[in-house]
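The next block holds one structure in the form of structure tokens; read it before the comments.
The values are calculated or read from the model by the stated rules, or taken from the named source; none is laboratory data. Predicted model only: the values in this text are computed from it and were never measured. Don't worry about glycine lacking a Cβ; one is built from the backbone with ideal geometry, like all the others, and counts go over all protein chains shown.
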Amino acid sequence: MARYNQQSLQEALDQGLPIDGADLRGLDLSGLNLSLTNLCAADLSQTTLSETALRGSNLSRAKFDGALFSNTDLSGSNMSWVTIRDADLATSKLNILTALYSQFYGVRIIDQDLKGSNLSESLLIYCTLKNIDFSHATLKSMKFFFCTMEDCIFDQSDITGTSFMLSRLSRCTFNQCDLSYASFVAACGNAIDVRDSRLIGVDMTLSRFQSLDVSGSRYPGLIIEAAKIVGLKK
């Protein structure tokens, strides 16, 4: 893994040299245009990514330990197989993101358009998600554990086998979704719309919901053992 400083990195970029797997630890990459760059397996630990453009870049398997995100443009990037901890992505751009098998711990994501993104098999723990549009996304077999989700739209998404266990959801919509075999075990929430959706085998054991609208949905095999649902509309 080649180690770069600010100058050698810029020289490599100017010469069009490959920098996948590069050691960029601790560098200030603020304002740098790295769009469409292959940074697969690069070490971006402790980097500053303020106003950094990474549109369409390959960031799969990159390391982001302690990286600082601020107005970072990650639109269309591939962030599969990455781990991000305690980061604030509220001001970053995440449009049409691909993040398969990735892990996010304590991450804050607010006011994002993730329509059409693919986050299948990814894990989010203790994350805060507010005003996120996940419509038309592929979210198969994801795990949202202990997350807080407010004003999120999942309409017309594939959410089969995904778990929202122990998460809190408020004013979220799952209309015209495939939620087959999803899990809401011990989840809670209010003002949730799940209209005209597939709810085959959904597990809502020990869940607590107020104002849950499942009108027009199909739910054979729905598990609601010890669940408490107030204001159910079928």
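Hey, can you tell me all the residues within segment 154-193 that are in a strand (DSSP E or B) and in contact with a Leu (Cβ under 7 Å, 6 or more places away or on another chain)? Can you show your working first?
Initially, segment 154-193 is screened for residues in a strand (DSSP E or B), giving 158, 163, 168-170, 173, 178, 183, 188-193.
If the condition is that a residue be in a strand (DSSP E or B) and in contact with a Leu (Cβ under 7 Å, 6 or more places away or on another chain), then 158, 189, 192 are the ones that fit.
Looking at segment 168-208 only, could you name the residues that are among the polar types (S, T, N, Q) and surrounded by fewer than 17 Cβ atoms within 10 Å (Cβ to Cβ)?
Initial filter on segment 168-208 (among the polar types (S, T, N, Q)): 170, 173, 175-176, 180, 183, 190, 197, 205, 207.
Within segment 168-208, 170, 190, 205 qualify.
For segment 187-205, does any single residue satisfy the condition of being more than 24 Å from the chain's Cα centre (by Cα) and within 13 Å of residue 166 (Cα to Cα)?
Yes, because at least one residue in segment 187-205 is more than 24 Å from the chain's Cα centre (by Cα) and within 13 Å of residue 166 (Cα to Cα).
Can you tell me which residue is farthest from residue 98 (Cα to Cα) among those in segment 53-80 that are in contact with a Gly (Cβ under 7 Å, 6 or more places away or on another chain) and surrounded by fewer than 21 Cβ atoms within 10 Å (Cβ to Cβ)? Even if it seems obvious, please write down each step before you answer.
Going residue by residue through segment 53-80, those that are in contact with a Gly (Cβ under 7 Å, 6 or more places away or on another chain) are 55-56, 76-77.
Cutting the leftovers down to surrounded by fewer than 21 Cβ atoms within 10 Å (Cβ to Cβ) gives us 55-56, 76.
Working: 55: 12, 56: 10, 76: 7 Å.
The extreme case among them is 55.
If you scan segment 209-220, which residues turn out to be surrounded by fewer than 17 Cβ atoms within 10 Å (Cβ to Cβ) and either at negative phi or at pLDDT 95 or above (or both)? Spell out how you get there, then give the answer.
Here is the first cut: in segment 209-220, the residues surrounded by fewer than 17 Cβ atoms within 10 Å (Cβ to Cβ) are 210-211, 215-216, 218, 220.
Correct list: 210, 215, 218, 220.
State whether the residues of segment 33-42 include one that is more than 25 Å from residue 6 (Cα to Cα), in contact with a strand residue (DSSP E or B) (Cβ under 7 Å, 6 or more places away or on another chain) and part of a loop (DSSP other than H, G, I, E, B).
Filtering segment 33-42 down to residues more than 25 Å from residue 6 (Cα to Cα) leaves none.
No, the conditions are met nowhere in segment 33-42.
Which of (1) closer than 15 Å to residue 112 by Cα; (2) surrounded by fewer than 19 Cβ atoms within 10 Å (Cβ to Cβ); (3) in contact with an Asp or Glu (Cβ under 8 Å, 6 or more places away or on another chain) does residue 135 not meet, given it meets every other one?
Answer for residue 135: the failing condition is (2).
Can you pull out every residue in segment 182-234 that is of a type in the set (S, T, N, Q), farther than 23 Å from residue 148 by Cα and touching a strand residue (DSSP E or B) at 6+ places or on another chain (Cβ under 6 Å)?
215
With assigned by TED's automatic domain parsing to the domain that holds residue 55 and in contact (Cβ under 8 Å) with a residue 12 or more places away in the chain as the only criterion, which of 17, 29 stands out?
Details: 17 fails: in contact (Cβ under 8 Å) with a residue 12 or more places away in the chain.
Exactly one residue qualifies, and that residue is 29.
Starting from segment 69-96, take each residue that is free of Cβ contacts under 8 Å to residues at least 24 places away in the same chain and list its partners that are of a type in the set (Asp, Glu) and in a loop (DSSP other than H, G, I, E, B), counting only C-beta distances under 6 angstrom and pairs at least six apart or across chains.
The qualifying pairs are 71/51.
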